[in-house]
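**Q** Dropping a structure here in structure tokens format, bear with me for questions.
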Amino acid sequence: MDRETCSPTGSKSDRGRVRVVVFCSGPRIERGVKEFLCRLEDEPKIDLLAVYCQSRGRGPVSVMADLFARRGILAIPIILLQSGTAIAGWLMPSASERAWRRRAEVLSKRIEFLPDIHDPAVLRKVRELAPDIGLVYGAPILKPALFEIPRSGTLGIHHGRLPDYRGKKTTFWAIYNGEPEATVTIQKITAELDLGEVLKEGSVPIGGLSYGKVWDRLEALGLKLFLAAIFEATKPDPVFIVKPGKPGKLYYDPKIRDLLRYYWSYIHGKVSRQPRLGVGG
């Protein structure tokens, strides 16, 4: 079946598919979210009903404003890097970007940018869709009024080992702290940040690789685990991974001095170079 011929609303007459809604954020659909949406659209056992993206604007100006709000002065090099990457990607698109372009018109009819995804009108729309499960990929912190609507709850992807690495930029902090591997986790969303039950987790070796290479490998693994977690979570008795121990440190965006220390260590070969690989759940 050609998935690009589906109806604009994403509704299907076929039974047995898992009905999902996706929550994300930002003035544009980021690379990882694009690939995730394409994977969902390609999966014959999944119905992608709608995508709700929280953002107060769209376009280049909104993208820059969002970066400055989140990263401060660090937004300047990020904007320059992203601009160069965008131009290169347009001239020589990757396989995932070509897949996105083929599906963009159809998928865009199901993507809605909103200033507040917790608005009562949005909650009503989600309830009317009657999703089996909600999926979070880069969304703001969700409230119970939203993440409890889907029949099987809501899952989120977290690029960090739980419960040790909670919060933001945990892949960076794992490398910064000299961990031998970086971990990606698929968890159920709860009212407590990064303390939900874990369905899937996996890791990739750091082994002296740059942050960008570790992130690319971790993101690819995370997409695979996220899809598997959807089917596990919607079973009558899903199996969760027991995560003993107390909640770990809550991490935040690194400051300039943290980035400088990381690059200094990387240049001088002080970051971890122990290649290990493990996948759980």
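The values are calculated or read from the model by the stated rules, or taken from the named source; none is laboratory data. Because the structure is predicted, anything quoted here is derived from the model rather than measured. Glycine also receives a Cβ, built like all others from the backbone with ideal geometry; neighbour counts cover every protein chain displayed.
**Q** Restricting attention to the stretch 169-195, and to residues there that are part of a loop (DSSP other than H, G, I, E, B) and in contact with a Gly (Cβ under 9 Å, 6 or more places away or on another chain), which single residue is nearest to V21 (Cα to Cα)?
**A** Among them, the one singled out is I189.
**Q** For the stretch 206-254, give me each residue that is of a type in the set (S, T, N, Q) and closer than 20 Å to Y165 by Cα.
**A** The one that is of a type in the set (S, T, N, Q) and closer than 20 Å to Y165 by Cα: S210.
**Q** Inside the stretch 141-157, can you point out the residues that are at negative phi, in a loop (DSSP other than H, G, I, E, B) and touching a Lys or Arg at 6+ places or on another chain (Cβ under 7 Å)?
**A** Matches in the stretch 141-157: I149 only.
**Q** Considering only residues that are assigned to a loop (DSSP other than H, G, I, E, B) and buried (at least 17 other Cβ atoms within 10 Å of the Cβ), which ones fall in the stretch 221-242?
**A** Scanning the stretch 221-242 gives a single hit, T234.
**Q** Applying the selection to the stretch 211-250, what residues are in contact (Cβ under 8 Å) with a residue 40 or more places away in the chain and of a type in the set (K, R)?
**A** K243, K246, K249
**Q** Can I ask one more? Select from the stretch 28-58 the residues that are of a type in the set (V, I, T) and not in a helix (DSSP H, G or I) and write down the one among them that is surrounded by the most Cβ atoms within 10 Å (Cβ to Cβ).
**A** Only one residue tops the list, namely V51.
**Q** Run L250 past the list (1) under 17 Å from the mean Cα position of the chain (by Cα); (2) loosely packed, with under 13 Cβ neighbours inside 10 Å and report the number of the one that doesn't hold.
**A** (1)
**Q** Give the residue that is farthest from F240 (Cα to Cα), with candidates limited to residues of the stretch 198-208 that are modelled with pLDDT of 95 or more and of a type outside the set (A, V, I, L, M).
**A** Step one: of the stretch 198-208, the residues modelled with pLDDT of 95 or more are 198-205.
Among the residues that remain, those that are also of a type outside the set (A, V, I, L, M) are: 200-203, 205.
Details: K200: 8, E201: 10, G202: 14, S203: 17, P205: 24 Å.
This residue is P205.
**Q** Let me ask another. Within the stretch 207-220, identify whether any single residue is among the acidic types (D, E), surrounded by fewer than 21 Cβ atoms within 10 Å (Cβ to Cβ), within 13 Å of the chain's Cα centre (by Cα) and not in a strand (DSSP E or B), and answer yes or no.
**A** The answer is yes, given that some residue of the stretch 207-220 is among the acidic types (D, E), surrounded by fewer than 21 Cβ atoms within 10 Å (Cβ to Cβ), within 13 Å of the chain's Cα centre (by Cα) and not in a strand (DSSP E or B).
**Q** I've got another one for you. So which of G89, G138 is part of a loop (DSSP other than H, G, I, E, B), at pLDDT below 95 and within 30 Å of D258 (Cα to Cα)?
**A** Working: G89 fails: part of a loop (DSSP other than H, G, I, E, B).
On inspection, the qualifying residue turns out to be G138.
**Q** When residues of the stretch 110-124 are filtered for being surrounded by 16 or more Cβ atoms within 10 Å (Cβ to Cβ), not β-branched (V, I, T) and not in a loop (DSSP other than H, G, I, E, B), how many remain?
**A** Of the residues in the stretch 110-124, 2 are surrounded by 16 or more Cβ atoms within 10 Å (Cβ to Cβ), not β-branched (V, I, T) and not in a loop (DSSP other than H, G, I, E, B).
**Q** Another question, then. Read through the list (1) outside any loop (DSSP other than H, G, I, E, B); (2) buried (at least 19 other Cβ atoms within 10 Å of the Cβ), then give the number of the only condition that G160 fails.
**A** Among (1) outside any loop (DSSP other than H, G, I, E, B); (2) buried (at least 19 other Cβ atoms within 10 Å of the Cβ), the lone unmet condition for G160 is (1).
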